[in-house]
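Asks: Sharing a structure with you now.
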Amino acid sequence: MVTGRGTVLFAAALVARSLAAQLPAADAAFSRGDYAAARAGYDRVLAADSSNERALYRLAILDSWDGKLARSLARFGKLRRIDPRDPDIMVAHAQVLAWAGRTGASEALYDSVLARFPDRADAQAGRARTIAWSGDLDRAEELWRKALDRHPDAPELLIGLAQTLYWKGQPGLAEAYTARARALAPDDRTARDLERAVRAALRPEIATSVDGAHDSDHNDFVAQEATVSGSLGSDLRGTLRAGWRRATDPAGDGSSYGAGGHLIAALGHGAVLRAGLGVRRVQPDVGTAATPLTAELGVGLRPARYTAVSLGYSRTPFDETAGLMRQDLVIDAVDMSFDVSPGPGWSLSGGGGGAWFSDANRRYSAVGALLGRVVKGLQIGPYGRVMGYRAPRPGEYFTPVRFSVIEGRGVYRWQRNRWGVRADGGVGSQQVQGFGQPPAPHQTEWHVGVTLSRGWGANNEIALVGAITNSAAAATTAGAVSESFRYSTLGVRFRQGW
């Protein structure tokens, strides 16, 4: 007769035998890259022993690779309660904290590991990478260099320093570290991809675009612009450009053409300066031709890992249509914009600014959008815009005292084997108010756009771009915008490195 204690011992022996068979099988599946089988095996181990460290650790890793960061962190929390001082668990936990955007907690955990194991290369790399992601690129560079003093041939450290230099706008310096990393780890995918990106940033590049547009007020144009870009040093890149435009409307036609250039310089601390000058000739069919100077000046900042802010000034002729060419207008504009990605699949963008016209008119504008992922490749969210002019310009160009639109917007992206598709569309409500008039009734606003692209090499690409909308924001003709208004564009983009 089997006693109660004997039954317990017999069951424990069966569980131990089962674990002894299942855990090695799961580990073998993990090692050969069969992660579905590995996950199933580790799940069976946990079903029998919920505190099995090996199964918890591997499942936490698999969850992080699958983007299930909250579940991964929950497993790491349990692991840390079971074994709070295991350095391997602490390093992996810190890495997932950084991926989840919790850079402060990640850095503190890396510091805890390094306090006990100051020569541990993966902890040194993780701390430097986390600080770089938080936006402090100068401090991250210092940490990468100190770590390389201890481990001069560690590929992960060489790659990290090269990435940080590349993000700082110093591809020339990044190239040497990337080459060393590739020599030490020729099969490392990150090093290979970084090498391509650095080479693309350093080599000269030519690009051209051809665009055409038509609206229901019978304004048409076709335009082409070409650029040549190249590196002028470790932290300086220059671009030359030339372009022309031909526009027609029911009253006649006009053309404009010009050339110019700009420089982009890395300032440190994640800041980039952009400055350029040019000239453009505007020749309407009626009236005197003009040759205004063009200019641009801007600063871009990356204050955090997934945050970008820019502030810029531009001076350009207002020459989109033949009618505008006859007005001989030049616009000085100041704009601010920001882009934030608070989490995977989420993006928040916005901006605003003012413009001063050579006819003493002024314009203000503001825009904001929030997009969130609903399924793979698809983001949806609200979009809003408002703009207005200081004074009316009847018979010259579209100058509402206030124009506003709010819409629901969707963006879909698909990429496979160098082919890409981006489709965006939105439906909402727009309202226009003229000077001395009450606000017009709300109108349904919509737009649809599609981009089909094919890439090759590091950053070479050709793309076909098309869009159609009834938004009053696209109008240039003076007067009210009717419900039947349409504006459509079609263009081709081409980019090729030498």
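The values are calculated or read from the model by the stated rules, or taken from the named source; none is laboratory data. Fair warning: this is a prediction, and the values are worked out from it, not measured in the lab. When we count neighbours, we look across all protein chains shown, and the Cβ atoms used for this are built from the backbone with ideal geometry, even at glycine.
Asks: Filter region 365-395 down to residues that are of a type in the set (Lys, Arg), closer than 19 Å to Leu324 by Cα and crowded, with 16+ Cβ neighbours inside 10 Å, then give me how many there are.
Replies: The total comes to 1.
Asks: Among the residues of region 195-204, which ones are within 25 Å of Leu161 (Cβ to Cβ) and either among the hydroxyl-bearing types (Ser, Thr, Tyr) or in contact (Cβ under 8 Å) with a residue 60 or more places away in the chain (or both)?
Replies: Going through region 195-204, the residues within 25 Å of Leu161 (Cβ to Cβ) turn out to be 195-203.
Arg196, Ala197, Arg199, Ala200, Arg203 - these are the residues of region 195-204 that are within 25 Å of Leu161 (Cβ to Cβ) and either among the hydroxyl-bearing types (Ser, Thr, Tyr) or in contact (Cβ under 8 Å) with a residue 60 or more places away in the chain (or both).
Asks: Residues that are surrounded by fewer than 17 Cβ atoms within 10 Å (Cβ to Cβ) and closer than 30 Å to Gly67 by Cβ: does region 396-403 have at least one?
Replies: Within region 396-403 (the criterion being surrounded by fewer than 17 Cβ atoms within 10 Å (Cβ to Cβ) and closer than 30 Å to Gly67 by Cβ), the answer is no, since none of the residues qualifies.
Asks: Moving on. Test of understanding: among Gly408, Gly425, which residue is surrounded by 15 or more Cβ atoms within 10 Å (Cβ to Cβ) and small (Gly, Ala, Ser)?
Replies: Gly425
Asks: Out of the residues in region 338-364 that are of a type in the set (Ser, Thr, Tyr) and surrounded by fewer than 17 Cβ atoms within 10 Å (Cβ to Cβ), which is farthest from Arg302 (Cα to Cα)?
Replies: We begin by selecting, within region 338-364, every residue of a type in the set (Ser, Thr, Tyr); these are 341, 347, 349, 358, 364.
Of the ones still in play, those that are also surrounded by fewer than 17 Cβ atoms within 10 Å (Cβ to Cβ) are 349, 358, 364.
Numbers: Ser349: 14, Ser358: 34, Tyr364: 26 Å.
Residue satisfying both the conditions and the ranking: Ser358.
Asks: Please go through region 247-267 and give me each residue that is among the charged types (D, E, K, R) and touching a Gly at 6+ places or on another chain (Cβ under 8 Å), ordered by number.
Replies: Passing the criteria: only Asp249.
Asks: Working only within region 387-426, note down all residues that are more than 24 Å from the chain's Cα centre (by Cα) and within 28 Å of Trp346 (Cα to Cα).
Replies: Answer for region 387-426, where residues must be more than 24 Å from the chain's Cα centre (by Cα) and within 28 Å of Trp346 (Cα to Cα): Met387, Phe403, Ser404, Val405.
Asks: Does region 370-378 contain any residue that is over 21 Å from the mean Cα position of the chain (by Cα) and without any contact (Cβ under 8 Å) to a residue 60 or more places away in the chain?
Replies: Within region 370-378, not a single residue is over 21 Å from the mean Cα position of the chain (by Cα) and without any contact (Cβ under 8 Å) to a residue 60 or more places away in the chain.
Asks: Now for a separate question. Where in region 376-470 are there strands (runs of 3 or more DSSP E), lying wholly inside it, with at least 2 residues that are at pLDDT below 90?
Replies: Values: elements: 378-389, 402-416, 419-433, 443-456, 460-469.
Counting at least 2 such residues, we get 402-416, 443-456, 460-469.
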